[in-house]
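Read through the structure below, which is laid out as structure tokens, and then see the notes.
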Amino acid sequence: MIKKLFITSILLSCLNAANGQSYWSYDDHGLSLKMPEISLISVMPTNYTVSLSLGLPKNAGDKPGENIDSKDDNTWLNYSCSMKYRGSYRKIYAQITSGSVPDGLAIDLEVKDLQTQGTGTWGKRYSKSITLSNQPQIVVSGIGGGCTKRGRNFGHQLIYELKLTDIDELIVDDDKTYLTITYTISD
Amino acid sequence: MQYKTICSIVFVLICNTFANGQEIRIRGDVDFSFTYTNIKAGEDYSLETESKQDGVRMDIKKLKRQAYWRVTVNKSDINWDNQVKVYVRRTSSGNGNGSVWGGTNYTLINNMPQTFMQGQGLLNNIYLQYKLSGISVELPANTYYTDIVYTLYEQ
């Protein structure tokens, strides 16, 4: 028994001696950062209504034509987008979602490229211009993780133009027609 | 007599064995989470964000009486984007008979240990606050993880 205790005491002495060399200890904790996928889009300035009207003929026999009131370039498309690693680039679609353009008229939309740099990977306009309809059409493509900055003069400038397409179909039965143009950002 | 003596020695040694040396204890975790409500269309996230001032607590325990000590900090990445920098600072001096100095300004946490703060004696509830920089929509959507490691050296 004494022999066993003696051996135990030697082992414990060794263990304590080993501990005695250790002048440090450590502990840790986790830190996490969650970044979601986002797609946010807005037309700036908010609550702005685009008003377009066709110019009166200058002379008898002339067609109603373009004038300063048939064009509007006061709105800008802003967006922020965050995507997964190697996720697919996003596009922006435009369409008329309520109301319809009166017969004999069309609304063309030109989407400009960014004139002030954004952050990350922003998109490019898809075509020089489109004629708005109730079908979604791509107006911006190639949007990666990035943003345009917010406000007027940032993002893609939108230029609407009212055009006469067929005077024979033009019927003036109402002084104003209201349309809703919707922009959607999607894969 | 010999038997009693050896028994006493064994008892002391057992007590000594289980009475470990200095100990650092960390309580709490830090989770930074962003949602689409944090920004408006066109905007980027704020480049910097801070955690709560008291989200993580550090205790310095089991020192030799009034021993001097220092604490280093480093991170051990599990899944982390190097674009995001992690900083830490202490927002309190803790409770107890000890004292602490350094660590009140934000220290960038690298993967290599570096001295964060120093002190003397036992302390509880040293609060730690974290700051992240480099947060942007450019960062791929994901949940990123790293471990923050504190090492206590008794001097």
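Read-outs throughout are calculated quantities, based only on the coordinates presented, and are distinct from any laboratory measurement. What you see is a predicted model; the values in this text were computed from it and never measured. Cβ coordinates were reconstructed from backbone atoms using ideal geometry, including for glycine residues, and neighbour counts include every protein chain displayed.
Below are the figures for this structure:
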{"quantity": "Number of partner chain Cβ atoms within 10 Å, mean per residue of B:41-54", "calculated": "5"}
{"quantity": "All lysines inside 19 Å of A:LYS58 as judged from Cα atoms, apart from same-chain residues fewer than 8 positions distant", "calculated": "A:LYS71, A:LYS163"}
{"quantity": "Protection proxy ranking, peptides A:175-185, B:60-70, average beta carbon neighbours within 10 Å, highest first", "calculated": "B:60-70, A:175-185"}
{"quantity": "Residue-averaged [θ]222 nm for chain A, counting only DSSP H segments that reach four residues, each worth -39500 (n - 2.57)", "calculated": "-3500 deg cm²/dmol"}
{"quantity": "The protein assembly as shown - charge dipole about Cα centre, Lys and Arg +1 at Cβ, Asp and Glu -1, debye rounded to 20", "calculated": "2860"}
{"quantity": "Label zone at A:ASP69 (point 7 Å along Cα-to-Cβ), backbone N below 16 Å, region A:157-187", "calculated": "A:161-164, A:172-178"}
{"quantity": "Per-residue average of Cβ from other chains inside 10 Å of B:26-32", "calculated": "4"}
{"quantity": "Percentage relative contact order, chain A, counting C-alpha pairs under 8 Å, at least six apart", "calculated": "28"}
{"quantity": "Pairwise centroid distance, computed over Cα atoms, of region A:107-179 with region B:112-152, Å", "calculated": "47"}
{"quantity": "Rounded tilt (10° steps) of A:2-20 against the dominant C-alpha axis of chain A", "calculated": "40"}
{"quantity": "R0 of 41 Å, Cβ-Cβ distance B:ARG65-B:ASN142: FRET efficiency to nearest 0.05", "calculated": "0.30"}
{"quantity": "Cβ-derived FRET efficiency at R0 41 Å, A:GLU37 paired with B:ASP54, nearest 0.05", "calculated": "0.85"}
{"quantity": "Residue mean of other protein chain beta carbons inside 10 Å, B:139-150", "calculated": "6"}
{"quantity": "Over chain B, relative contact order from alpha-carbon pairs under 8 Å, at least 6 apart, %", "calculated": "33"}
{"quantity": "Förster radius 56 Å - calculated FRET efficiency between B:GLN118 and A:LYS124 (Cβ-Cβ, nearest 0.05)", "calculated": "0.55"}
{"quantity": "C-alpha long axis of helix B:2-18 to longest principal axis of chain B, angle in °", "calculated": "10"}
{"quantity": "Listed residue pairs exceeding 18 Å between alpha carbons, taken from A:LYS128/A:LYS149; A:LYS84/A:LYS149; A:LYS91/A:LYS124; A:LYS34/A:LYS84; A:LYS34/B:LYS131; B:LYS40/B:LYS131", "calculated": "A:LYS128/A:LYS149; A:LYS84/A:LYS149; B:LYS40/B:LYS131"}
